[in-house]
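Each value in this text was obtained by applying a stated rule to the coordinates, not by laboratory testing. Just so it is clear, the structure is predicted and the values come from calculations on it, not from any experiment. Here Cβ is always computed from backbone atoms with ideal geometry, including for glycine, and neighbour counts include all displayed protein chains.
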């Protein structure tokens, strides 16, 4: 009996919980009988059963609901696999040398050459992976899947998100076009601002005192060796920890058994549908739209405006408003520390498996998002006027570093106190408000950076 | 589902001193191996650096004659990758075109009469001072020398700025 029919019957009261529970047990017994009688066929089962081993035999019906997870984790995995394949194939055509890298990319797009299509797939999958893994990160947080057994997995996931961003960054350095050259210049200078370790680290990555072939080969090794290796290890750990947490997050149903169904076909078919549709969409899109490639790297002439890849425009916008040490070090470290620490704070996660903790939380989320957008735009405009009037670098460490930090932290503390005591939101809901405030502010800064900045990075309208 | 099939409880081996000793030994050996690997990786990365470390060398460029430059103007020198600024009082400055914020190349905006960085919007005056942040330091300058009306710039070195951080102009 298909699972939709079963759950429908259950909701209609035609069959009771016990029947579904039996169905579940039946599946387990059948499966194990089958295994015992057919253990001689182990060889034949090898590849498929190994792959199925990622999943348990049965999963709770609740976790199959598309609107619980939106299949984001599965999509991310699909994209990682696609990136591995196209990445390996691209290594055949690409030459990591500053004299030849750009030309080797151009050559991919000459007649009767499939390498260009592969590069397109790699490029668009990478961009898509940034979006998907960011949404996955939000989904996990907003459905409260970070506490208890999932605590460690949240941390693994944060590192994976970091790897995704760094992979995308190191990837767009490789073509050695204008975007690549100025991105690596800015990045290495940014690292130089980190107290104590900054300068030696930048020197190490640069492979000398000036940017050159050593820099490119270093980032090539990082992009095609170190990062995929770390990502593979962490992805395996991520999956294992999901199983240890007994599958996807789900609402605490109180009494009674959770209704489970066999993974095959219920989950596998759903995963295949999502994954294959995604692959088809990306392959088709890549056949039509070429991955961008700017002019060959010209040291000494920055493009005007010189913008980073879209997913770093939030950071670039932040760099325009804050003292470099604060934009590069202080604020990111504080945010990262909070993200890592949230699951260790008692009751700071939302109730499991319910988006925004229900209707009240959803309303709070909307209010916080609107507030965040308003305040971010206001801050950008005020700073834009203020820098033109004051513009003194002598006091920058205070006016553009300490002062914004104090305002930022006191706003969060005040918001926390107000929401918990005055409006009696739970701690989980209040922490969610703080999380959304920062996430929405970063999205807002990204939008401003991408569309509302013109030559000289001056504010302007895109139309 | 997990409740139906309980795993048999494995009894843990008693926590003897010897076991603890070996566990600590393993951890110690592991850390040493990790340190060794890190040291190895860093020395490999460093080996590439030494090939190109030549240090600062003098590279003197003839930038032109004093009378060729109008008062209060900025001329880009493509060969030496710097800007020659002729200030209002007739003194000269050889400004590096690298932004002191994050290293972009700063173009001279003739209309606005200032340098505007295309990456993060810092702007600098004709004397190299910061007009608007995020840059925190003035533009660097190269040592400049005027002999018999000819301007020589040493692009291989950077000049020490004045005490207030401003570049040091040279009188003709």
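General observations
- Paramagnetic label reach from residue A:158 (point 7 Å along Cα→Cβ; backbone nitrogen cut-off under 18 Å): within segment A:417-441, residues A:428-440.
- Segments A:233-241, A:212-220 sorted - mean Cβ within 10 Å per residue, highest first: A:212-220, A:233-241
- Each Cα pair of segment B:60-154 feeds into the Kirkwood radius, which the Stokes-Einstein equation turns, at 37 °C and 0.692 mPa s, into a diffusion coefficient of 246 µm²/s.
- If R0 is taken as 35 Å, the Cβ-Cβ distance between residue A:386 and residue B:60 corresponds to a FRET efficiency of 0.25.
- Residue exposure sequence - A:77, A:387, B:16 - by fewest surrounding Cβ within 10 Å: B:16, A:77, A:387
- Between the helical axis of A:72-93 and the longest alpha-carbon principal axis of chain A there is an angle of about 60 degrees.
- In this simple spin-label model, placing a label point 7 Å from the Cα along the Cα-to-Cβ direction at both residue A:424 and residue A:91 gives a separation of 6.1 nm.
- Residue by residue along A:187-195, Cβ atoms of other protein chains within 10 Å of the local Cβ number 2 on average.
- Per-residue average of Cβ from other chains inside 10 Å of A:346-354: 0
- Entry note, chain A: the mean residue ellipticity at 222 nm calculated from DSSP H runs of n ≥ 4, each adding -39500 (n - 2.57), is -21000 deg cm²/dmol after division by the residues and rounding to the nearest 500.
- Gyration tensor verdict on segment A:259-402 (Cα atoms; rounded if a/c is under 1.5, prolate if a/b is larger than b/c, oblate otherwise): oblate
- Spacing of the two label points (7 Å from each Cα toward its C-beta) at residue A:371 and residue B:158, in nm: 4.4
- For the protein assembly as shown, the convex hull drawn through the C-alpha positions has a volume of 228 cubic angstrom per residue.
- FRET efficiency estimate (nearest 0.05) - Cβ-Cβ, residue B:67 to residue B:125, R0 22 angstrom: 0.35
- Sorted on the mean count of surrounding Cβ atoms within 10 Å across their residues, most packed first, peptides A:181-192, A:275-286, A:138-149 read A:181-192, A:138-149, A:275-286.
- FRET efficiency for residue B:78 and residue A:166, using Cβ-Cβ distance with R0 set to 30 Å, rounded to 0.05: 0.25
- Using alpha-carbon coordinates, inclination of helix A:263-288 to the longest axis of chain A, degrees: 30
- Between 0 and 90°, nearest 10: helix A:227-244 axis offset from chain A longest Cα axis: 30
- Modelled spin-label separation between residue A:395 and residue A:109, with each label point placed 7 Å from Cα along the Cα-to-Cβ direction: 5.0 nm.
- Normalised radius of gyration (Cα atoms, divided by 2.2 N^0.38 Å) for segment A:54-302: 1.16.
- Shown for A:164, A:54, A:59, A:325: other C-beta atoms within 10 Å of each C-beta, ranked fewest to most, produce the order A:54, A:325, A:59, A:164.
- For A:460, A:320, order by how many other beta-carbon atoms lie within 10 Å, fewest first: A:460, A:320
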